[in-house]
Structures are given as C-alpha cells and as structure tokens.
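Worksheet: one structure, shown below.
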Amino acid sequence: MPPFQKASLLLCFLFAVTGAAQEVVALPFDHIDGVEWQNEEKAYYSDIWQTQVVTNVSKPTLQVFRPTADTNTNTAVIVAPGGGLYAHSINSEGIEVAKWLNQKGITAFVLKYRLVPTGDDGVADISLLSQTNPDKIMEEVAKVMPFSIQDALNAIAHARTNAASYQIDPSKIGLMGFSAGGAVTMGVAYNYEKSNRPDFLVPIYAWTDAMPVQVPKGDTPPMLLICASDDPLDLAAGSIALYNSMLKAGKSVGFHMYTKGGHGFGMRKNGLPSDNWIERFYEWSIAEGLTQPTE
C-alpha cells in the first residue's frame, strides 16, 4: 500500500491541550538504518532559544488547526517549523503560524517531521556543536533529512487523500517551512510525485546549506521566498540563488528580502517590517488565486 494511503488509514486522536481539543494525525514512517532514538520526544521551553521547542521526534505527526466553518476558504497550509533538524521551534514557527492562518480561513497542519536524535536538551546539543564541531551537525542532518522530506510528502498526500473530511480543496494544499523546515520544503520541491505534489511552496529563511539549490522540476508550483539580508547564518545568498533558479526556469516566484530581521523571526515581534511577513504571504496567496479574502 502506498504511504499516502497508509496515512489516510492511521488513527486520528484527540487530546486536551490548554483546555482546547487538538487533533493529531500519526503519519507513516520506516526505520532509518544507522539512526536510533535513545530519548523520548520532549517538549520544553528552551532558555537558549527563548521559545518552546520539541526535540527527539522519531514518529512524524500532523497537528490539525481548522478555521471556523463560516470563514473556511478551503485552502490548506502544512507548516514545517525550523530548528536545525535538532529541534522544532514549535510555537513561533508552528502553532502561532497555524492560528494566524485559521483567522484568514485557511486550514493549517503543523508538521513534526523526524529530527536528529539528541540528548536531554537538543538545543544545547546543536548550540555546542555549532561552536565546536559544525561538520558533525551536517553529518547527522544528512542521515535524517531524506526521511524528514518524506514526512512532508506524506503529510501532503494525507491532506489531499482526506481533503473532503478536512473541508479543503485538494488542489490548494501548500507547504510552508522555516529554516530547516525550509530545507525540507525545498526537498519536497525536488522530490514530489503526483499524489504528494504541493500546490504552492513558501520557504522562509531556508537552510540552503542542508538542501542545496537545484534545477526546478518541470511542473514546480508557485513559490514565495522570505528572508532577511542580515541573517547571521548567511542564508540570504541561498534564498537569492533559489529565487534565481526559479526565475531562470520561468517558474512563478515571489521574493521578500528584508533589510533586517536576522534568523528565526517567525511570529516574533521585533518592531521591524519583517514582523509582517505573514501578511505579505497572505496577499501573495490571494494574488496567485491560492485562496480568497475573508469578510
């Protein structure tokens, strides 16, 4: 049975989170040779990153956020948080994004794709390695990245297969990814098939070191790129290269490069124009006919 069909058969269950019922979908996955998780998935507040994170994800899931019936535009966005593939910045690059999209009538799915196995504090692990052995980060990421990409492909296929139950248009399912999630988004752009092809792509300060820019596929969907010139990880150049690859191939592509914003701004408010990037996404999605304005 193809993975996208397996995904549609897996259990959806409800559980209480801060007083509200949230719907979580388990996605299919296979064992990764040479990769073992010794620690359980963990959600905690990272003092290093000053935000809520999730680490040691070994079983991919989707958390579903539905708009109200009277505002539903039938458009859907799968949101892939960043975190160097060592963590998910689950709030500012996931849940808060999903809730904002819901207000615009867009169904959102927050994807917890598989991560590099870490110790008790994955953020501390990657922070230390970035100073002492950055090559080790890339070595570990390379082992897991193909499977993280497959998780995103399975998420798209699941949403499309179950479009009727989610009350979404199967031809308006997009993927939005931040940093490492942006690398996953790029990986999807280069590896999809008919069943899991996204209808639009939004790589946000995409980690192009982890997923180098390639020639777009012939039917690559519309793409919107967002980044900041002062990204301390030097990701502006990668976003420019990705934009140029789309432009050269004659593909539909938009680009917002902010002067300031740094890296990982997500839904954080920094008193800068980059605070409003998600409004620019919404305007672009309307102009592209991917959604429509709500009253």
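Data table
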read-out	value
Per-residue ³J(HN,Hα) for the stretch 172-185, Karplus 6.51 cos²θ - 1.76 cosθ + 1.60, θ = phi - 60°, Hz, x for Gly and Pro	9, 10, x, 10, 10, x, 10, 6, 4, x, x, 5, 4, 4
Over the chain: helical MRE at 222 nm, DSSP H runs n ≥ 4 each giving -39500 (n - 2.57), nearest 500	-10000 deg cm²/dmol
For the stretch 87-197: relative contact order, % (alpha-carbon pairs under 8 angstrom, 6 or more apart)	23
Calculated diffusion of the stretch 144-231, Stokes-Einstein form, Kirkwood radius summed over Cα pairs, 4 °C and 1.567 mPa s, µm²/s	99
Area accessible to solvent at E41, 1.4 Å probe radius, in Å²	80
R268 - accessible surface, heavy atoms, 1.4 Å probe, Å² rounded to 10	80
Derived scalar couplings ³J(HN,Hα) [the stretch 55-60; Karplus, 6.51 cos²θ - 1.76 cosθ + 1.60; whole Hz; x for Gly, Pro]	10, 6, 6, 10, 10, x
In Å², nearest 10: area of H256 left accessible to a 1.4 Å probe	60
Global size of the stretch 188-295 as Cα Rg and Dmax, reported in angstrom	14.1, 41
Heavy-atom accessible surface of the chain: percent carbon and sulfur, 1.4 Å	52
Rel. contact order, % - alpha carbon contacts under 8 angstrom, at least six apart, the chain	16
Alpha carbon convex hull of the stretch 182-249, projected area averaged over orientations, nm²	4.1
At 1.567 mPa s and 4 °C, Stokes D of the chain from Kirkwood alpha-carbon radius, µm² per second	68
For T75, residues with placed amide H under 5 Å, excluding near neighbours	T107, D169
Accessible area per residue, Å², the chain with all protein chains present, probe 1.4 Å	43
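The values are calculated or read from the model by the stated rules, or taken from the named source; none is laboratory data. Note that the structure is predicted; figures quoted are calculated from it, not measured. Note: areas computed on protein heavy atoms with side chains; ligands, DNA, RNA excluded. Shrake-Rupley method; radii C 1.70, N 1.55, O 1.52, S 1.80 Å.
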